[in-house]
Amino acid sequence: MFDQGKIDQLYPHWVQLRRAFHREPELAFEEVETARKIMAELDRLKIPYHYQGKGGGVIGEISGSSVEAATIALRADMDGLPGKELTGLPFASVNPGKMHACGHDAHMTMLLGAAALLRESPLPGKVLLVFQPAEEKGGGARVILQSGVLSGVRAIFGGHVTHHYRVGQIMVGNGVVTAQSDRFRIDIHGRGGHGARPHEAIDAVVIAGFLITALQTLISRESDPLHPLVVTIGSVQAGSAPNVIAAEAVLEGTIRTTQPEARHHIHDGLKRMVNAIAELHRAEIELEIQEGYPPIINTSRETEIARRAILEIAGSEGLVPMEHPSMGSEDFAFYLQKIPGCYVRFGARRHEDEYIPLHSPLFDINEEVLKVGATYFARVAWEALQDYGR
């Protein structure tokens with residue numbers, strides 16, 4: 001359906017697009033120049049679109065032959081991450097402290113590539129191209145949903161690059177694909193004092209260390225080892241001088257779960273341990289738990305549609321079944337709370353034996369994945385519209 005010669009012809013332009021996005025990353029809700037680049041490409045392709053303005057998305061629209069046929073949506077995220085890029089690429093970020101370390105530059109390019117393929121194919125229904133802000137922070141998917149632009153959409157499809165697989169492989173799975181993410185903050189209020197007289201103080205650093213160790217037993221000694229769970233403390237702040245006992249300490253971390261009962265157990269365990277350790281050390285400790293992104297839960301029919309699309313473009317050797325959910329999180333989950341859909345992962349390892357994790361300052365992709373992603377998005381749109389028209 002989508003001629004390989006045409007894909008190869010378009011590929012150099014897709015590489016240029018991806019590198020332009022990569023060179024000028026913007027953070028969540030600040031994607032103004034990024035949106036401008038997307039709109040310029042949609043103008044070039046003569047695809048109509050609506051821009052929601054700074055903090056919003058760009059929504060392209062490819063109309064089909066029948067106004068009564070289904071509408072499906074394809075989604076890409078626009079924002080970069082805070083961090084210094086260390087790839088040394090000739091098109092590395094020129095925006096200090098910002099980097100496309102999660103592959104969103106590739107996702108936008110894939111969707112624009114799919115748009116170029118779809119606009120030349122007569123479609124039985126409508127395809128919305130959703131370029132979404134703020135996936136990394138702030139849940140930009142909710143901005144898109146609240147705008148009402150997806151009203152009446154039959155299904156939505158998305159995906160993400162990863163070094164877990166090689167180029168040409170696409171992972172797909174039914175059901176839970178990513179974890180629920182929650183954040184927590186623990187404020188410890190002790191009593192400061194001189195480092196030579198600890199008996200006169202309540203040491204917030206010692207209490208913090210006790211909590212850091214104790215909280216891990218919620219996983220190792222209180223949870224079913226067959227259930228994937230993570231509690232990570234990623235930030236510790238305390239102290240002002242080597243000979244001063246700190247009066248205050250702050251711990252911040254993340255909780256990742258895939259089952260509601262496990263999540264509730266971790267939340268309850270955190271509260272119990274914080275209260276017990278406060279009593280033990282005669283300190284005041286405050287715990288705040290912030291609900292994060294829900295789990296992505298692919299729906300059965302749309303997963304089967306995605307599987308058929310993968311088989312068409314990559315064959316059985318390119319289709320990778322999901323072995324277990326990722327403990328990462330993604331705000332695509334908000335769409336799937338309202339609309340059926342499927343989220344896949346595109347193998348993008350730069351070299352066969354090289355693994356660089358997402359969010360690393362060294363993260364880069366094998367740009368051949370742009371062909372894979374663009375073709376997949378185009379094919380899954382076609383498969384979905386055909387399926388819903390039966």
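The values are calculated or read from the model by the stated rules, or taken from the named source; none is laboratory data. Predicted, not measured: the structure shown is a model, and the values here were computed from it. Cβ coordinates were reconstructed from backbone atoms using ideal geometry, including for glycine residues, and neighbour counts include every protein chain displayed.
Data table
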quantity: Number of positions in the stretch 340-390 that are touching a helix residue (DSSP H, G or I) at 6+ places or on another chain (Cβ under 9 Å), assigned to a loop (DSSP other than H, G, I, E, B) and not charged (D, E, K, R); calculated: 3
quantity: Which numbered condition residue 379 misses (of (1) in contact with a strand residue (DSSP E or B) (Cβ under 7 Å, 6 or more places away or on another chain); (2) crowded, with 21+ Cβ neighbours inside 10 Å); calculated: (1)
quantity: Residues located in the stretch 140-161, provided they are more than 15 Å from the chain's Cα centre (by Cα) and not in a strand (DSSP E or B); calculated: 143, 144, 145, 146, 147, 148, 149, 150, 151, 152, 153, 154
quantity: Those strands (runs of 3 or more DSSP E) lying entirely in the stretch 223-335 with at least 1 residues surrounded by 19 or more Cβ atoms within 10 Å (Cβ to Cβ) and in contact with a Ser or Thr (Cβ under 8 Å, 6 or more places away or on another chain); calculated: 229-238, 248-257
quantity: Flag for residue 346 being touching a strand residue (DSSP E or B) at 6+ places or on another chain (Cβ under 6 Å) and closer than 26 Å to residue 139 by Cα; calculated: yes
quantity: Selection status of residue 80, crowded, with 20+ Cβ neighbours inside 10 Å, under 24 Å from residue 340 (Cα atoms) and not polar (S, T, N, Q); calculated: no
quantity: Boolean, residue 335 is hydroxyl-bearing (Ser, Thr, Tyr) and within 28 Å of residue 226 (Cβ to Cβ); calculated: no
quantity: Residue in the stretch 64-76 that is closer than 19 Å to residue 137 by Cβ and either surrounded by fewer than 19 Cβ atoms within 10 Å (Cβ to Cβ) or in contact (Cβ under 8 Å) with a residue 12 or more places away in the chain (or both) present; calculated: yes
quantity: Subset of the stretch 50-63 [free of Cβ contacts under 8 Å to residues at least 60 places away in the same chain and of a type outside the set (Phe, Trp, Tyr)]; calculated: 53, 54
quantity: Residue that is surrounded by fewer than 18 Cβ atoms within 10 Å (Cβ to Cβ) and either touching a Cys at 6+ places or on another chain (Cβ under 7 Å) or closer than 18 Å to residue 255 by Cβ (or both), where the choices are 181, 220; calculated: 220
quantity: Selection within the stretch 162-203 - closer than 25 Å to residue 214 by Cα, under 17 Å from the mean Cα position of the chain (by Cα) and among the hydrophobic types (A, V, I, L, M, F, W, C); calculated: 179
quantity: Residue count, the stretch 81-121 (criterion: over 29 Å from residue 62 (Cβ atoms) and charged (D, E, K, R)); calculated: 3
quantity: Pairs, first in the same structural domain as residue 367 (by TED's automatic domain parsing) and within 27 Å of residue 126 (Cα to Cα) in the stretch 20-49, second basic (Lys, Arg) and at pLDDT below 95, C-beta under 7 Å, six or more apart; calculated: 45/119; 47/119
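Residues checked against (1) farther than 30 Å from residue 134 by Cα; (2) assigned by TED's automatic domain parsing to the domain that holds residue 136; (3) not acidic (Asp, Glu):
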site: 207; (1), (2), (3): yes, no, yes
site: 214; (1), (2), (3): yes, no, yes
site: 221; (1), (2), (3): yes, no, yes
site: 230; (1), (2), (3): no, no, yes
site: 246; (1), (2), (3): yes, no, yes
site: 258; (1), (2), (3): no, no, yes
site: 261; (1), (2), (3): no, no, no
site: 270; (1), (2), (3): no, no, yes
site: 286; (1), (2), (3): no, no, no
